[in-house]
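Bear in mind that the values in this text are calculations on the coordinates, not laboratory data. What you see is a predicted model; the values in this text were computed from it and never measured. Neighbour counts run over all protein chains shown; Cβ positions are idealised from the backbone, glycine included.
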There are 2 protein chains.
Amino acid sequence: MRLAEVAERLGIEEWRIKGALERQSIQQIDNFNPPYLIFRKDVAGVERGTAVFLGEEVTVVRGFPKIMRAFYLEPLVRRHFSSRVAVEEKMNGYNVRVALVEGRVLALTRGGYVCPYTTARLSARRRIGRFLKENPGKVLCGEAVGTRNPYVVHHYPEAGEFGFFAFDIRDAAGNRAMPVLERNRLLEEYGIEHVRFFGIFKKEEATEAVFRVVRELAQEGREGVVIKDPEMRLPPIKYTSSQTNASDLAYAFRFPYEYGRDFFFSRIIREGFQAVEWDEGEAELEERALRLGKSILLPMVESIRRVRDGEVLTEDHVLDFAGEEELEEFLTYLRRQGVSVVVDEVERKDGGVRVVLRRLRRSSTDRIRSVLSGRGE
Amino acid sequence: MRLAEVAERLGIEEWRIKGALERQSIQQIDNFNPPYLIFRKDVAGVERGTAVFLGEEVTVVRGFPKIMRAFYLEPLVRRHFSSRVAVEEKMNGYNVRVALVEGRVLALTRGGYVCPYTTARLSARRRIGRFLKENPGKVLCGEAVGTRNPYVVHHYPEAGEFGFFAFDIRDAAGNRAMPVLERNRLLEEYGIEHVRFFGIFKKEEATEAVFRVVRELAQEGREGVVIKDPEMRLPPIKYTSSQTNASDLAYAFRFPYEYGRDFFFSRIIREGFQAVEWDEGEAELEERALRLGKSILLPMVESIRRVRDGEVLTEDHVLDFAGEEELEEFLTYLRRQGVSVVVDEVERKDGGVRVVLRRLRRSSTDRIRSVLSGRGE
């Protein structure tokens with residue numbers, strides 16, 4: 001392997017990469033052309049999710065940094081930012097980095113894998129291809145959203161079945177992000193959609209503005225915001241609505257034994273801080289409590305009933321493929337990642353294939369079944 | 001140390017005890033007369049919580065076995081028990097084993113420590129002393145309840161400030177429990193209170209009876225039941241009301257960072273199974289969801305507000321001591337266990353001392369304070 005070249009491109013020492021490969025903090029993916037390395041953990045300051053393609057040239061796509069979440073907004077904004085902040089929408093989809101690798105448009109998941117489904121959709125978009133070719137060394141980061149994807153299903157009127165909304169333009173190798181106004185101008189020049197931009201605010205006025213925006217977004221069933229240094233020299237902060245917490249919890253409690261306990265706890269604790277910061281009275285607290293309680297109880301009851309009635313719990317996604325080959329490629333990709341899926345319905349039209357992909361939720365099914373049969377948890 | 005003697009009394013091999021002492025699975029308490037060993041984990045089939053007193057004789061008090069909890073009752077009762085089951089109340093206090101050691105009445109906590117507070121109260125009860133003296137080798141197991149204790153404060157009309165309700169008579173050394181009717185007769189003979197006994201039911205009728213009893217208990221603010229093999233040859237099963245889950249959650253969410261995530265998760269998941277087994281409709285589910293949501297949200301909001309207002313979170317218990325010496329002994333006991341307390345108010349009357357013992361909840365205070373100050377979680 002070309003470790004010396006990889007090390008040089010990343011600006012870290014070769015022995016660190018060797019060690020990380022041995023510890024499997026870096027994984028090599030060989031069943032792809034070109035083969036690539038995935039950083040499963042941070043290694044010497046290079047982010048988890050970084051992918052390094054070993055083609056004729058070495059192409060680095062740095063991992064997307066984890067975004068800090070605000071539980072209690074005002075003091076965090078005050079301490080963290082300098083004078084002004086940009087506020088833009090945080091959409092509820094999955095994080096995608098789109099990069100040009102040996103002349104091909106590839107879409108990477110947060111973890112650094114080339115997702116064949118997302119790649120097929122985004123490489124068909126000429127504007128994205130043109131942008132990447134004319135801006136070499138840049139990566140387009142954005143949220144893939146909509147109702148037809150294998151990860152996060154959420155309806156956005158402007159997105160339809162599959163939408164992509166950019167929120168960052170980064171240097172592929174160095175990970176520096178472009179200032180937000182410059183980014184917007186460039187995206188608009190290429191006709192690439194970006195996430196809703198709510199403006200730039202003085203730090204002192206930002207918290208009130210964010211609360212107002214987040215409440216409005218919540219009413220439309222939308223997630224929340226990301227608050228950024230307009231120059232992108234400081235790490236961004238995300239802040240979401242109670243409705244989003246509730247819908248995350250509702251989603252996870254459909255499969256209660258599949259998720260880590262911390263996932264639940266973190267989403268629950270946010271509710272407390274938001275209620276205090278929003279200075280809620282008795283009626284508002286009761287409304288929040290009911291939303292929280294329902295988001296936990298109802299999906300759990302629904303899943304227990306399904307198992308009692310003999311069903312196996314699955315998480316279903318309707319997906320469209322251009323053809324059998326694209327479908328097979330995607331299934332192979334999922335299986336290699338250890339995901340158990342059943343393809344349950346197939347509909348063919350216009351040469352394409354529409355399938356319902358059912359992802360088996362075995363832990364929850366098995367443990368609920370065990371309790372229901374009197375064998376204990 | 002007299003390991004050979006201890007090993008013989010426990011019926012296990014000496015090297016196992018040696019190993020457990022080295023691993024600190026067994027701890028020796030030297031600041032007590034007589035010194036004693038505490039099993040902090042199960043060792044070769046001897047339960048966690050077992051205490052072995054090294055006086056003139058070796059006195060073994062076996063640990064109280066962990067009681068299995070039913071999430072979904074009917075199939076568990078059907079599979080687990082033979083033909084009949086006894087149903088009795090599970091009270092909301094703390095588990096105490098009372099034993100005679102070298103002629104003195106000692107009260108042990110679930111973990112196996114001699115609790116000076118509980119010992120002072122129970123050793124003053126002549127009926128208990130008489131029972132233990134006339135029934136050598138027996139241990140009285142029961143729930144200490146009421147409003148004046150350092151562990152679990154819950155008001156029971158029949159208990160007043162401090163009550164003790166027996167639920168098991170066990171062989172101190174062998175841990176075999178007496179059949180329930182024989183136990184009741186013997187306790188009544190000595191005038192020792194036992195937990196409410198709801199009767200013996202055919203296995204097929206038990207679940208319905210338990211549901212009825214648990215609903216009634218819930219309305220009185222009482223916890224639930226324990227279901228036992230009348231002969232005590234099979235392990236018992238506990239089953240509690242939704243109101244109890246909610247009040248456990250409310251208690252724990254006052255100090256959200258003090259409790260393990262599993263504590264929350266387990267209490268939440270029970271709600272789902274009970275709602276399904278009780279076949280609840282929309283209105284009942286909504287009521288349950290609201291109770292669940294409030295039990296999580298409101299205490300958390302209250303604690304966050306207290307920290308915002310500059311307070312330190314504490315868990316307060318009002319305790320009565322016969323005098324300064326008894327108070328000091330108890331404080332020494334708590335400090336040795338690493339518990340941080342502040343004695344905040346003192347009132348003297350009739351030679352006794354009444355104090356408010358404030359147990360500091362540092363993790364929750366510190367982490368909430370950190371979030372509120374914008375330093376992140």
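Computed from the Cα positions only, the extents of the range A:1-90 along the three principal axes stand at 49, 25, 21 Å, in decreasing order.
Working from label points 7 Å from Cα in the Cα-to-Cβ sense, the residue A:312 to residue B:94 distance is 4.8 nm. Given in Å, the Rg to one decimal and the Dmax to the nearest whole number for the Cα atoms of the range B:60-216 are 16.1, 46.
The residues A:91, B:232, B:68, when put in order of fewest to most other Cβ atoms within 10 Å, stand as B:68, B:232, A:91. Here the Karplus curve 6.51 cos²θ - 1.76 cosθ + 1.60, taken at θ = phi - 60°, turns the phi angles of the range A:135-143 into couplings of 10, x, x, 9, 10, 9, 10, x, 9 Hz, with x standing for Gly and Pro.
Please enumerate, by chain and number, the aspartates and glutamates with C-alpha under 14 Å from the C-alpha of residue B:133, excluding those fewer than 8 residues away in the same chain. The qualifying aspartates and glutamates are B:102, B:171. Here the alpha carbons of the range B:242-308 define both size measures, Rg and Dmax, at 12.7, 42 Å. Each copy carries a label point for residue B:196 at 7 Å from Cα along the beta-carbon vector; from one copy to the others these points are 5.4 nm apart, nearest first. Maximal additional length on extending the residue B:21-residue B:205 stretch stands at 61.5 nm, based on 0.36 nm per residue less the C-alpha distance. On the principal axes of its alpha-carbon atoms, the range A:277-330 has extents of 57, 33, 12 Å, going from largest to smallest. Take every pair of alpha-carbon atoms less than 8 Å apart whose residues are at least six positions apart; their mean separation over the length of the range B:1-116 yields a relative contact order of 19 percent.
Pairs exceeding a 25 Å alpha-carbon distance, out of B:203/B:294; B:66/B:228; B:66/B:138; B:41/B:138; A:138/A:228; A:90/A:138: B:203/B:294.
Spin-label model, residue B:83 to residue B:251: label points 7 Å out along the Cα-to-beta-carbon direction sit 3.9 nm apart. Label points for residue B:238 are taken 7 Å from Cα along Cα→Cβ. From this copy to the others they lie 3.9 nm apart, shortest first. For residue A:373, inter-copy separations between label points set 7 Å beyond Cα along the Cβ vector come to 5.3 nm, shortest first.
Considering all C-alpha pairs of the protein assembly as shown, those separated by over 49 Å amount to 31%.
Put in order of Cβ neighbour count within 10 Å, fewest first, the listed residues A:167, B:162 become B:162, A:167. Backbone geometry of the range A:96-111 corresponds, through the Karplus equation with coefficients 6.51, -1.76 and 1.60 at θ = phi - 60°, to 3J(HN,Hα) couplings of 10, 10, 10, 9, 9, 10, 6, x, 10, 7, 10, 10, 9, 6, 3, x Hz, x marking Gly and Pro.
Among A:229, B:344, a tally of other beta-carbon atoms within 10 Å of each Cβ gives an order, fewest to most, of B:344, A:229.
One chain, two ends: residue A:147 and residue A:261. Fully extended at 0.36 nm per residue, the span grows by 38.3 nm beyond their Cα-Cα distance. Can you show me the helix-derived [θ] at 222 nm for chain B, built from DSSP H runs with n ≥ 4 at -39,500 (n - 2.57) apiece and divided by the number of residues, rounded to the nearest 500. Per the formula, -12500 deg cm²/dmol. Across peptide A:276-289, the mean count of Cβ atoms from other chains lying within 10 Å of each residue's own Cβ comes to 3. The distance linking the range A:253-291 with the range B:137-162 is 34 Å (Cα centroid to Cα centroid, whole angstrom). Of the GluC sites (Glu not before Pro) found in the range A:271-312, those in coil by DSSP whose Cβ has at most 13 other Cβ atoms within 10 Å are A:311. When both the range A:22-89 and the range B:9-29 are represented by their alpha-carbon centers, they are found 50 Å apart. Between residue A:42 and residue A:370, the modelled labels are 3.5 nm apart [label points 7 Å from Cα along Cα→Cβ].
Ranked from largest, the principal axis spans of the Cα set of chain A equal 59, 53, 47 Å.
Taking every alpha-carbon pair under 8 Å whose residues sit at least 6 apart, chain B reaches a relative contact order of 14 percent. Put simply, the amide H of residue B:138, placed in the peptide plane, has neighbours under 5 Å in B:172, leaving out anything fewer than 5 places away on its chain.
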